[in-house]
Amino acid sequence: MTNNSVSFTSNIRFVNREDFLKLKKQNYINFHHTGPNILKADQFYSLEIRSCTGGGLVNPAGEAEGFHFWDDATNKRKFPELINSLFRFVKNPQNALLVGSKNLKGNPYSLEQFQRFKEVFLERVKNVSIFQSHKFLNSETHYHYSLDTDTWTLCTSFQEKSGGKLKFIKKPEDFLKVFDSVSIADGDRLFVGKKEVLPSEYPELFKTTQNSAKTI
């Protein structure tokens, strides 16, 4: 793989459903055990991250992989194997993104799985941006990654009440309405649509990942 725009930071852009559907997508990652849940490629995408944990690891010099892990008993048992696979496929990752999980009755492993990945990533990867725990029952996130531009494009939808209007993240204030915790890594750039969200204006979204690791 080659990359003509090497950097050590990533662009993270949230868009609405219409703009996400317009993206040209290759290399789908599903969460079912019948197919690969980890994929190394120049670009990839995954859909419907709800209580699962999704994201990816990037070495901007030319390697990237995405993943989508179901929060079930099989992946709980296989957690060490999943970690070994991730760090075997992309060596010396500089950047990472984590998104997902929900606080659901009857499924405590959703939050636990996310926290386990988060702790390992913060220990092994320099820059980790985190969108942790969808607050709304019907909330979900889709993502697409392009190594060529080192850009994550995400689409997060939510309903504030059952049967209510489907909404999307459209402004910076929506992030902490939709997620329990957001932590953008030093140097990563966050956008809502075409507008950049600046640390000077929204410092609560740019907390250091070391501090955010202490919370679920």
Exercise. Would region 103-113 turn up any residue that is in a strand (DSSP E or B), surrounded by 23 or more Cβ atoms within 10 Å (Cβ to Cβ) and either on the phi > 0 side of the Ramachandran plot or in contact with a strand residue (DSSP E or B) (Cβ under 7 Å, 6 or more places away or on another chain) (or both)?
Worked result: no
Expected single match for at pLDDT 95 or above, aliphatic (A, V, I, L, M) and in contact with a strand residue (DSSP E or B) (Cβ under 8 Å, 6 or more places away or on another chain) among VAL120, VAL178 is VAL178
| said: Going residue by residue through region 3-18, is there one that turns out to be closer than 18 Å to LEU154 by Cα, surrounded by 16 or more Cβ atoms within 10 Å (Cβ to Cβ) and either touching a helix residue (DSSP H, G or I) at 6+ places or on another chain (Cβ under 6 Å) or of a type in the set (Lys, Arg) (or both)? | reply: yes
- Message: Quick check on region 79-94. Is at least one of its residues assigned to a strand (DSSP E or B) and in contact (Cβ under 8 Å) with a residue 12 or more places away in the chain?
- Response: no
If we keep only residues of region 61-72 that are more than 16 Å from PHE114 (Cβ to Cβ) and outside any strand (DSSP E or B), then the residue modelled with the highest pLDDT is GLY62
ASN127 meets each of (1) touching a residue at least 24 places away in the same chain (Cβ under 8 Å); (2) exposed (fewer than 14 other Cβ atoms within 10 Å of the Cβ) with one exception, condition (2)
Cβ pairs under 7 Å, 6+ apart or interchain, first in region 180-196 and closer than 21 Å to PHE136 by Cβ and crowded, with 21+ Cβ neighbours inside 10 Å, second at pLDDT below 95 and not aromatic (Phe, Trp, Tyr), ordered by first then second residue, are SER183/LYS207; SER183/THR209; SER183/SER212
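The values are calculated or read from the model by the stated rules, or taken from the named source; none is laboratory data. As the structure is a computational prediction, the values presented were derived from the model and not from experiment. Cβ sites come from the backbone with ideal geometry, for glycine too, and all protein chains shown count toward neighbours.
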